[in-house]
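For reference, the structure discussed in these notes is given below.
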Protein chains: 2
Amino acid sequence: MEYKKQVQRLIQEFKTDFLPSVSVDLVIFGFHDGQLKVLLLRWKNTEDWCLPGGRIRHEESLDDAAYRSLHGRTGLTEIFLQQFHTFGDTRRYVHFSQEQTMLRLGLAEEDLQEFSNRDVSVGYYALVEFANVVPTPDFFTDECRWWDINQVPPLLFDHNDMITLALKTLRRQLTYQPIGYNLLPEKFTMPDLQQLYETILGQSLDRRNFQKRMLGYDILERLEERKTGGAHKAPYLYRFDKEKYEKALADEILFVG
Amino acid sequence: MEYKKQVQRLIQEFKTDFLPSVSVDLVIFGFHDGQLKVLLLRWKNTEDWCLPGGRIRHEESLDDAAYRSLHGRTGLTEIFLQQFHTFGDTRRYVHFSQEQTMLRLGLAEEDLQEFSNRDVSVGYYALVEFANVVPTPDFFTDECRWWDINQVPPLLFDHNDMITLALKTLRRQLTYQPIGYNLLPEKFTMPDLQQLYETILGQSLDRRNFQKRMLGYDILERLEERKTGGAHKAPYLYRFDKEKYEKALADEILFVG
DNA sequence: CCAAAAGTGTTACCCGTACACCCATGC
DNA sequence: GCATGGGTGTACGGGTAACACTTTTGG
């Protein structure tokens, strides 16, 4: 019954330390094996998956709350994180009224009210370096792992819609901002970068034109060869020029996909 | 003391009927006299201006709440209204702690707490037809009127930032969506439309190229001449083809500024 | 008749797209 | 040596940007 006690403590904490009615949900994108991935959580004692999220402390900014949640689930600190939409449809919670899910979490009947209140949720999406993430479940979840973007199961609430919109936003952002800094390892090859773009956009691009465009943006720094592993000709390694990259982000110019 | 009683009733209503911690703020754009305008409110017995806003009923969606507030301040029903950002900085409220402003509103000391609680606010921007708006103050405000976008005074909270970001979003939207349906009268001339674009973008455009581009989008319907008023040659009148306009909005293609 | 505004068409240049050849590496 | 993948350059075409002349109307 130690567990039940902890649940009670948490619920109490929700009431005292956090803003009511508002929450944060995260769509965390990673890139691995030529596939775009999303980080999902599985609720305790259920087969129900959902997005990571969190609540906002009274003295904490919205962005800080999102960062805190992101850090909790991934262990990462420096990451690209951006708000993309706030969800406030009342029907968001129809799915949630399946009380069985809640009961399996170990909530008492009287706690259900507290949990099934209708929230407005601010959606953030994050781009993270796949290899650096240590997926970590939170108190109410058993499992935290990557899912292929094309194989996401039906999620709780409106979380499937959130992923769809986050992806749409990401694609649009690709057309006026550079992307890759937080999705690729420090050093990467031009084909790596191209594969990332192709995966996000869902279409293939011309190898030569892609390279020309990327180099034209003047945000890449070419290093030496990479030798190991690869069969065939060894491609160059590149690194983002952080300063120029940030400048391009701020300028928001050109960058047509 | 009828007033004080009403204040009490409203505060009670806030606690029971509305979501705590969340509010909605509106940046309402109008276009008049070659200038972009914003609708602002002046608080009772003060010289403090701010954006119109509102709160969300328990059973009401976020969008509906925004529409309800918009309707209350303008009398309009069919309008372009879009969420652009959610503001959750804790420092939003530094300005607000000037209790004098609150006291002038007729709030008792013990109500201050209720009002100066920190909120997360969802920002919406609206495009409305200037001539159709009937600016209407609400209970806590004495005055509601249009301000030139370039002459907005220092506002309460972070409302100046909100306007800046709303304008930025509007400008970007201009590059991938048609605009004008809710900002111009039913019938308008090509120079009218161009002036609108130039005002929003803050730069002048080539007359001929502009016309070619607009006609190329295939969302305009040309009518007959306009005779009255104008010295010089009479320009054609146009009207938006609602159906095609909506389609272009949905498609989100091209439209480079 | 003149000034100011609007309607219309042509040209030029740039950029994005399409495309081909050479080089390096592993089997 | 051959298949696979990567590095590089060129030529064409479409669309945007620059630009000029004619027409109308009021004073």
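The values are calculated or read from the model by the stated rules, or taken from the named source; none is laboratory data. Note that the coordinates shown come from a computational prediction; the quantities given were computed from them, not determined experimentally. Cβ sites come from the backbone with ideal geometry, for glycine too, and all protein chains shown count toward neighbours. All accessible areas refer to the heavy atoms of the entire protein, side chains included, with ligands and DNA or RNA removed. Shrake-Rupley method; radii C 1.70, N 1.55, O 1.52, S 1.80 Å.
Could you pull out the longest piece of chain B with no exposed loop trypsin sites (Lys or Arg not before Pro) in it, calling a site exposed if DSSP puts it outside H, G, I, E, B and it has at most 11 other Cβ atoms within 10 Å?
Numbers: sites that count: B:LYS227, B:LYS233.
It runs B:1-226.
What are the GluC sites (Glu not before Pro) within the range A:180-234 that DSSP puts in a loop, where the Cβ has at most 11 other Cβ atoms within 10 Å? Walk me through the numbers before you get to the answer.
Working: sites: A:GLU186, A:GLU198, A:GLU221, A:GLU224, A:GLU225; in loops: A:GLU186.
Here the sparse-neighbourhood loop sites are A:GLU186.
Note the buried accessible area between A and B here, summed over both chains, with a 1.4 Å probe, in Å² to the nearest 100.
Working: alone 13720 and 13770 Å², together 25730 Å².
Heavy-atom accessible area buried at this interface is about 1800 Å².
Can you list the residues in the range A:1-37 whose accessible area drops by at least 50 Å² when all protein chains are present, compared with the chain alone? Use a 1.4 Å probe, heavy atoms only.
A:LEU19, A:SER21
Could you give me D for the range A:32-90, from Stokes-Einstein at 25 °C and 0.890 mPa s, where the hydrodynamic radius is the Kirkwood radius over C-alpha pairs? Units µm² s⁻¹, please.
Diffusion coefficient, whole number: 179 µm²/s.
Give the Kirkwood hydrodynamic radius (Å, one decimal) of the range A:188-251, defined as one over the mean of 1/r across all pairs of different Cα atoms.
Final number for the Kirkwood radius of the range A:188-251 is 12.8 Å.
What are the radius of gyration and Dmax of the protein assembly as shown, computed over its Cα atoms and given in Å?
For the protein assembly as shown, the Cα-based Rg and Dmax read 25.8, 87 Å.
Along the charge dipole of chain A, pointing to its positive end and built from +1/-1 on Cβ of Lys, Arg, Asp and Glu, which listed residue (A:THR46, A:ALA231, A:TYR3) has its Cα farthest out?
A:ALA231
Taking amide hydrogens as modeled 1.01 Å from N in the peptide plane, which residues meet the under 5 Å criterion relative to A:PHE84, leaving out close sequence neighbours?
Sorted by chain and number, the residues that satisfy this are A:GLY123, A:TYR124, A:TYR125.
Between their Cα atoms, which of A:LYS168/B:LYS244; A:LYS168/B:LYS15; A:LYS5/A:LYS37; A:LYS168/B:LYS212; A:LYS15/B:LYS15; A:LYS212/B:LYS244 are more than 27 Å away from each other?
Table pairs above 27 Å Cα-Cα are A:LYS168/B:LYS15; A:LYS5/A:LYS37; A:LYS168/B:LYS212; A:LYS212/B:LYS244.
Distances from A:LEU215 to the same position in the other copies: list them in nm, one decimal, shortest first, using label points 7 Å from Cα along Cα→Cβ.
Values, ascending and in nm: 4.3.
Can you work out ³J(HN,Hα) from phi for every residue in the range B:151-163, in order, using Karplus 6.51 cos²θ - 1.76 cosθ + 1.60 and θ = phi - 60°, giving whole Hz and x for Gly and Pro?
These are the phi-based 3J(HN,Hα) values: 10, 5, x, x, 9, 5, 6, 9, 5, 5, 4, 4, 4 Hz.
Between A:ASP241 and residues 5 or more places away or on another chain, which pairs have amide H atoms under 5 Å apart, with H built 1.01 Å from N, and which residues are they?
Result for A:ASP241 returns A:LEU220, A:GLU221.
Would you mind working out the magnitude of the charge dipole of chain B relative to its Cα centre, with +1 at each Lys and Arg C-beta and -1 at each Asp and Glu C-beta, to the nearest 20 Debye? Let's see the in-between values first.
On the way: 32 positive and 39 negative charges, 172 e Å.
The calculated dipole for chain B is roughly 820 debye.
Under unit Cβ charges (Lys, Arg +1; Asp, Glu -1), what dipole magnitude, rounded to 20 debye, does the protein assembly as shown have relative to its Cα centre?
The dipole magnitude comes to about 1560 debye.
Mind checking which lysines have their Cα closer than 19 Å to the Cα of A:LYS233? Skip sequence neighbours fewer than 8 apart in that chain.
A:LYS187
What gaps in nm, shortest first, separate B:HIS32 from its twins in the other copies when you place the label 7 Å past Cα toward the beta carbon?
For B:HIS32, the other copies' label points sit at 5.8 nm, shortest first.
Multiplying the sequence separation of B:GLN151 and B:ALA131 by 0.36 nm and subtracting their Cα-Cα distance, what value in nm do you get?
Result for the pair: 5.2 nm of gain on full extension.
Apply the Karplus parameterisation 6.51 cos²θ - 1.76 cosθ + 1.60, with θ equal to phi minus 60°, to every residue of the range B:63-78 and state each ³J(HN,Hα) to the nearest whole Hz, in sequence, with x for glycine and proline.
4, 4, 4, 5, 4, 4, 5, 4, 4, x, 8, 10, x, 7, 10, 8
Report Rg/Rh for the range A:132-257, rounded to two decimals, where Rg is the Cα radius of gyration and Rh the Kirkwood radius. Present the calculation step by step, with values, prior to reporting the outcome.
On the way: Rg = 17.1 Å, Rh = 16.9 Å.
Ratio of gyration radius to Kirkwood radius for the range A:132-257: 1.02.
Round to a whole angstrom and tell me the spacing of the C-alpha centers of the range B:123-182 and the range A:56-72.
Cα centroid of the range B:123-182 versus Cα centroid of the range A:56-72: 29 Å apart.
In nm, what does the list of distances from B:ASN117 to its counterparts in the other copies look like, shortest first, when each label sits 7 Å along Cα to Cβ?
Distances between equivalent label points, in nm: 0.8.
Calculate the mean, over all residues of peptide B:49-58, of how many other protein chain Cβ atoms lie within 10 angstrom of the residue's Cβ.
Per residue, the average neighbour count from other chains is 1.
Which residues' amide hydrogens lie under 5 Å from the amide hydrogen of A:PHE31, considering only partners 5 or more residues apart or on another chain, with H built in the peptide plane?
A:LYS37, A:PHE130
Using all Cα-Cα distances in the range B:2-174, what percent lands in each 10 angstrom bin from 0 up to the longest?
It works out to 10, 39, 39, 12, 1, in whole percents.
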